[in-house]
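Rule-based calculations on the coordinates, nothing more; no lab input. Because the structure is predicted, anything quoted here is derived from the model rather than measured. Don't worry about glycine lacking a Cβ; one is built from the backbone with ideal geometry, like all the others, and counts go over all protein chains shown.
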Amino acid sequence: MRLPGLLSFLLTWCLRALGATWRITRQVGDDGDAIEFASLMADGPVVFAFFHGQQLPMIYAHRDKGLLGMASLSGDGELLARSIARLGYRLVRGSTSQGAAQAVRKAIRAIREEEQSPCIAVDGPRGPRHCPHRGAMGIAALTTRPVVIAVAQVSSAWRLSSWDRFVIPKPFARIAIRYERLAAPAGGAGVDAATEELGFAMRALLGEADR
């Protein structure tokens, strides 16, 4: 097994072992009713939106559900791609800095032709932290499919000093994943306003003062 394959194997093994100790709950909105994940896509595919820095709990909580993961074309992206493939995700390669147009086209095709739901870290790959870019709402506008926000509240975690303050939940942490559904913008002209609304809604679910 070559080095990238070995690293991805070790990473996914560690994540599955650590994640098995986490206590994960799912709910709608802030202190809303509990929800089954499958009900979020009961009427077809959606665009899942989450923040950079929360990848670890999000990837684990949504593993083995056939979602469409997106990874950049960089070396780090290669490791991420191999790892999430081991966790049951389908793959699209590209980010806002590399291969963006191709990744968007593939995501749109996956929604329209295969009814797959892409997962997008909306504030990446370099931030600003918790300030979404246009990608998620742009895809939603072109496919007329809704955006589902997913944010994680973690009871105890290590936080790295990276720009996204990458979160590693500690063993036996409680993780509350909160979802909220936003309608697709009505045409391309509404994407910027919808992206601002997206950022406000995601920050509100995390309990952050709006910026």
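With both bridge residues required to lie in the chain, what share of the DSSP beta bridges run antiparallel, to the nearest 5%?
Working: 12 of 29 bridges.
In the chain, DSSP labels about 40 percent of beta bridges as antiparallel.
How much length would be gained if the chain were fully extended between Q27 and S74, taking 0.36 nm per residue of separation minus their Cα-Cα distance, in nm to one decimal?
Extra length available between Q27 and S74 comes to 13.5 nm.
In deg cm²/dmol and to the nearest 500, what is the mean residue ellipticity at 222 nm of the chain if only DSSP H runs of at least 4 residues count, each as -39500 (n - 2.57), divided by the residue total?
On the way: 6 runs with 75 residues, N = 211.
So the helix-based figure for the chain works out to -11000 deg cm²/dmol.
Which distance in nm do the two modelled labels at E36 and R181 give, with both placed 7 Å along the Cα-to-Cβ direction?
Label at E36, label at R181, 1.5 nm between them.
How far is it, in nm, from the label point at A101 to the one at R174 when both lie 7 Å from their Cα along the line to the Cβ?
4.9
Search the structure for amide H atoms under 5 Å from the amide H of A157, placed 1.01 Å from N in the peptide plane, and list their residues when 5 or more places away or on another chain.
K170
Which whole number in µm²/s is D for region 102-211 by Stokes-Einstein, with the Kirkwood Rh taken over Cα pairs at 25 °C and 0.890 mPa s?
Once the numbers are plugged in, D ends up at 162 µm²/s.
Students often check this: by mean Cβ neighbours within 10 Å, which of 76-82, 7-13, 17-23 ranks highest, and how do the rest follow? Don't jump to the answer; show the numbers that get you there.
On the way: 76-82: 17.7, 7-13: 15.4, 17-23: 13.7.
Output ranking for 76-82, 7-13, 17-23: 76-82, 7-13, 17-23.
Residue by residue through region 169-177, what is 3J(HN,Hα) from phi via Karplus (6.51 cos²θ - 1.76 cosθ + 1.60, θ = phi - 60°)? Round to whole Hz and write x for glycine and proline.
Rounded to whole hertz, the list is x, 6, x, 6, 5, 8, 10, 9, 9.
For R2 and W158 in one chain, what is 0.36 nm times their gap in residues minus the Cα-Cα distance, to one decimal in nm?
53.2 nm
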